[in-house]
Structure formats: structure tokens, C-alpha cells
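Enquirer: My structure is below; once you've seen it, I'll send some questions.
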Amino acid sequence: MKEDFLNILERLTQHQVDFVLVGGLAGIVHGCSYVTQDIDICCEFSVSNLLRIQKAISDLHPVHRMTPKKMPLELTEESSRNLKNLYLDTDIGTLDCLGFIDGVGDFTAVCKSAITYQVEDILLRILSLDGLIKAKQAMNRPRDQEMIIQLETIKKQIETKKNDSNP
């Protein structure tokens, strides 16, 4: 499978999915030299938003990654009502849709800690440096610890540049 994360993000944006980019890819956008295997988004888990996700990636043959038989994504209004997370594999990459981010909170809290960032031709909301640091501290896995070091270094560099330009 050849990952095409930008394609997936562009599809989500074009279909007006309400989401914030979080996780490793958000760290990369901030400047981390991190390798990630998936796209993590925090999104509104409303029926309409979930159906927009499905429509955005339907031709990529999405399947539920966490089910033994890799069942196809076939959301309905009824089946969408009780979902909290979606873990999907597609033809061009893995997409994890999360309703809650440890260390930050639910989608509303994540939105409050998001910034807008242009990636190529796509305007994205991504979790802020501070939000991402809090999320990675809450996860506390070895790979998260490595990312925290990089994120804190980037944050210090930004603060130094601000201080240098404001004598």
C-alpha cells in the first residue's frame, strides 16, 4: 500500500468533514522529523460528519482496521449514532478518526487548541504545539517521548525567534 496522506486530507477537506489533524502527522506539519504510518484526526462524531467521511473515502475501499475480518465501512444514520472512534485502512493509507484526545479532551476542546495551517493547497486545522505536547505526554509511549523532545525544541526555537524580533 502506497500512503498518500495528502490525498486523504484533501478529500476530507473537499467533503467539508469537520476535523482537526492530530498525532504524528500534526507533529510533522509542526516540523518534527517523525515517521508515521497513519493519519490521526479528531472529529465531530455526528451522523452527518461521519457520513461525509464515508463519502470522502468511499472509492478507496475503506475497511475497519480493528475487526478480524476487515469489514467494509458501510455507515448508516443508525450505525453512526453510537460511534466514538473509527480505525480505517484504505487503498492509500490508514485513517484513525478519534472523538477524544488524551491530555486535551473532546472534539470541542481539541478545536479550541487548534491552529489553521496551509499544507500545499489545503487549509487544515491542526492541533497546536502545546496541545500536541499535552496529548503526547498523556499517551506516554516511547515514541511519544521522542516526539515531545522535538516538539519542545521547536517551541523553544519559535519563542526565541519571537523574543529576538521584539527587542
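Enquirer: Select from the stretch 1-34 the residues that are closer than 20 Å to Asp130 by Cα and more than 12 Å from the chain's Cα centre (by Cα) and write down the one among them that is surrounded by the fewest Cβ atoms within 10 Å (Cβ to Cβ). Full working, then the answer.
Expert: In the first step, residues of the stretch 1-34 are kept if they are closer than 20 Å to Asp130 by Cα; the result is 19-34.
Right, trim to more than 12 Å from the chain's Cα centre (by Cα) and you get 30-34.
Values: His30: 22, Gly31: 15, Cys32: 21, Ser33: 9, Tyr34: 17.
That would be Ser33.
Enquirer: Mind listing whichever residues of the stretch 16-38 are over 20 Å from Ala109 (Cβ atoms) and hydrophobic (A, V, I, L, M, F, W, C)?
Expert: Ile28, Cys32, Val35
Enquirer: Hey, another quick one. What are the pairs, 6+ residues apart or on separate chains, where a residue within the stretch 2-13 that is over 15 Å from Asp59 (Cα atoms) has its Cβ under 9 Å from a residue that is assigned to a helix (DSSP H, G or I) and small (Gly, Ala, Ser)?
Expert: Matching pairs, first to second residue: Thr13/Ala56.
Enquirer: Hey, another quick one. With the structure loaded, tell me whether Ile53 is outside any strand (DSSP E or B) and modelled with pLDDT of 95 or more or whether it fails that test. Write out each step before concluding.
Expert: Values: outside any strand (DSSP E or B): yes; modelled with pLDDT of 95 or more: yes.
When the stated conditions are applied, Ile53 passes them.
Enquirer: Filter the stretch 19-53 for residues that are touching a Phe, Trp or Tyr at 6+ places or on another chain (Cβ under 9 Å) and free of Cβ contacts under 8 Å to residues at least 40 places away in the same chain; which is farthest from Leu124 (Cα to Cα)?
Expert: Thr36
Enquirer: Another question, if that's okay. Under the condition of being β-branched (Val, Ile, Thr) and touching a Lys or Arg at 6+ places or on another chain (Cβ under 7 Å), which residue from the stretch 3-60 is farthest from Ser79 (Cα to Cα)? If you could, list the steps in order and put the result at the bottom.
Expert: Within the stretch 3-60, the subset β-branched (Val, Ile, Thr) is 8, 13, 17, 20, 22, 28-29, 35-36, 39, 41, 47, 53, 57.
Add one more test, that the residue is touching a Lys or Arg at 6+ places or on another chain (Cβ under 7 Å), and what stays is 17, 20, 47, 57.
On the way: Val17: 18, Val20: 23, Val47: 9, Ile57: 18 Å.
So, considering only residues that are β-branched (Val, Ile, Thr) and touching a Lys or Arg at 6+ places or on another chain (Cβ under 7 Å), the one farthest from Ser79 (Cα to Cα) is Val20.
Enquirer: Residues of the stretch 94-111 being within 13 Å of Ile57 (Cβ to Cβ) and either at pLDDT below 95 or among the hydrophobic types (A, V, I, L, M, F, W, C) (or both), which ones? Talk me through it step by step, then tell me what you get.
Expert: The initial filter retains those residues of the stretch 94-111 that are within 13 Å of Ile57 (Cβ to Cβ), namely 94-97.
Scanning the stretch 94-111 gives Leu95, Cys97.
The values are calculated or read from the model by the stated rules, or taken from the named source; none is laboratory data. Computed from a predicted model, the values in this text were never measured in an experiment. Quick reminder, even Gly has a Cβ in these numbers, built from the backbone with ideal geometry, and neighbours come from all protein chains shown.
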